[in-house]
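Scroll down for the structure; my scribbles are underneath it.
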Amino acid sequence: MMKYENRIGIKTRAQLEKMREAARHVGEILLEIREAAKAGVTTGELNERASRSIERRGVGSSFLGYGPAGASPYPAVMCMSLNEEIVHGIPGPRELKDGDILSLDFGVHVDGWHGDSAVTFPIGEISDDTQRLLSTTRDSLYRGIEQMVPGNRLSDIGHAVQACAEAEGFSVVRQFVGHGIGQALHEPPQIPNYGRKGKGPRLREGMVFAIEPMVCVGTHDVRMLDDDWTAVTADGQNAAHFEHTILITDHGPELLTAVPGSH
Ligand code: MF3
Ligand code: CO
């Protein structure tokens with residue numbers, strides 16, 4: 001029987017060039033939209049702006065129309081999740097206001113090769129506790145990325161994410177996970193943001209993963225809104241989300257979606 005780890009794709013040099021390019025566009029557009037996100041602007045306007053940037057660059061949206069057969073296709077190019085919304089919020093007429101925290105989650109493809117990244121940031125002033133939620137969620141992503149070295153096991157990533165988030169008294173979402181990425185936005189393996197270390201397939205050079213911790217102030221239980229997409233915290237408290245697309249190499253993890261000043 002084929003071993004499970006053999007199902008995780010190893011990308012070739014030429015494929016990685018496409019992925020690097022897609023990922024760079026993702027990082028740049030995220031930064032552009034982040035800079036335009038101010039009190040009074042609607043999430044729909046920001047989505048329009050991201051659409052125009054995609055068009056200008058001649059790349060494709062990984063999110064628009066995405067969805068398992070039978071489900072309602074995702075209707076925008078970017079996910080925008082405010083405050084108690086964890087992931088997959090749909091842009092629309094809602095205006096940003098000071099004190100909000102906004103998560104932008106975004107993906108594009110170049111010649112069929114995908115990049116995927118997310119960042120959460122404040123609109124105007126936020127409390128110290130909310131700032132700690134953002135910095136801890138970001139830290140937990142980077143603790144997970146540090147584990148992405150050849151020879152480690154897959155579960156070492158989620159273990160490190162969870163330990164970082166819980167050390168600050170926060171909880172990690174179970175219902176959504178990180179993922180392999182390449183010619184599909186979502187490829188094997190699924191990468192939970194929690195678990196024991198030392199389990200699962202060994203990590204190898206050439207694997208590319210999207211690591212995406214979702215961290216909550218209170219309970220990690222999730223409730224779905226009637227739009228079929230927006231996931232909110234069951235207790236209505238804030239959540240944050242950070243994501244990078246990362247290549248495993250023999251000389252350390254390469255953050256494909258990191259551009260200067262992004263996240
Ligand atoms: N980063 C998100 C994820 O991996 C993007 C999916 S949004 C969708 O789940 F619109 F494409 F569904
Ligand atoms: Co993702």
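The values are calculated or read from the model by the stated rules, or taken from the named source; none is laboratory data. Given the structure is predicted, the values throughout are model-derived calculations rather than measurements. No Cβ is skipped: glycine too gets one built from the backbone with ideal geometry, and neighbour counts run over all protein chains shown. Calculation scope for accessible area: heavy atoms of the full protein, side chains included, ligands and nucleic acids excluded. Shrake-Rupley method; radii C 1.70, N 1.55, O 1.52, S 1.80 Å.
Condition (residue is in contact (Cβ under 8 Å) with a residue 40 or more places away in the chain and in a loop (DSSP other than H, G, I, E, B)) applied to segment 131-143: is it met by at least one residue?
Filtering segment 131-143 for residues in contact (Cβ under 8 Å) with a residue 40 or more places away in the chain gives 133-134, 136-138, 140-141.
Imposing the further condition that a residue be in a loop (DSSP other than H, G, I, E, B) reduces the set to none.
No, that holds for no residue.
Table: residues versus (1) touching a strand residue (DSSP E or B) at 6+ places or on another chain (Cβ under 8 Å); (2) within 21 Å of Asp98 (Cβ to Cβ).
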{"position": "Arg13", "(1), (2)": "no, no"}
{"position": "Leu16", "(1), (2)": "yes, no"}
{"position": "Ala23", "(1), (2)": "yes, no"}
{"position": "Ile29", "(1), (2)": "yes, no"}
{"position": "Ala36", "(1), (2)": "no, yes"}
{"position": "Gly44", "(1), (2)": "no, yes"}
{"position": "Glu48", "(1), (2)": "no, no"}
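Answer yes or no as to whether Ala39 is closer than 20 Å to Ala240 by Cβ, at pLDDT 95 or above and not basic (Lys, Arg). Yes.
Would you mind stating whether Arg24 is closer than 23 Å to His186 by Cα, more than 14 Å from ligand 1 (Cβ to nearest atom), in a helix (DSSP H, G or I) and of a type outside the set (Asp, Glu)? Against the criterion (closer than 23 Å to His186 by Cα, more than 14 Å from ligand 1 (Cβ to nearest atom), in a helix (DSSP H, G or I) and of a type outside the set (Asp, Glu)), Arg24 qualifies.
Annotation: of all residues in segment 65-103 being among the acidic types (Asp, Glu) and farther than 23 Å from Asp221 by Cα, the one that is nearest to ligand 2 (Cβ to nearest atom) is Glu95.
For residues that are of a type in the set (D, E, K, R) and within 16 Å of ligand 2 (Cβ to nearest atom), scanning just segment 105-134, find the one that is farthest from Val41 (Cα to Cα).
Asp116
Inside segment 56-110, residues that are charged (D, E, K, R) and without any contact (Cβ under 8 Å) to a residue 12 or more places away in the chain make up a count of 1. Filtered by the rule that a residue be in contact with a helix residue (DSSP H, G or I) (Cβ under 6 Å, 6 or more places away or on another chain), open to solvent by less than 20 Å² (accessible area, probe 1.4 Å) and over 16 Å from Ser103 (Cβ atoms), segment 130-145 gives a lone residue, Gly144.
Those strands (runs of 3 or more DSSP E) of segment 146-256 in which at least 2 residues are open to solvent by 10 Å² or more (accessible area, probe 1.4 Å), considering only elements entirely within it, cover 187-191, 222-224.
Taking the listed residues Phe242, Phe209, the one that is of a type outside the set (S, T, N, Q), in contact (Cβ under 8 Å) with a residue 60 or more places away in the chain, farther than 26 Å from Asp111 by Cβ and within 16 Å of ligand 1 (Cβ to nearest atom) is Phe242, with no other qualifying.
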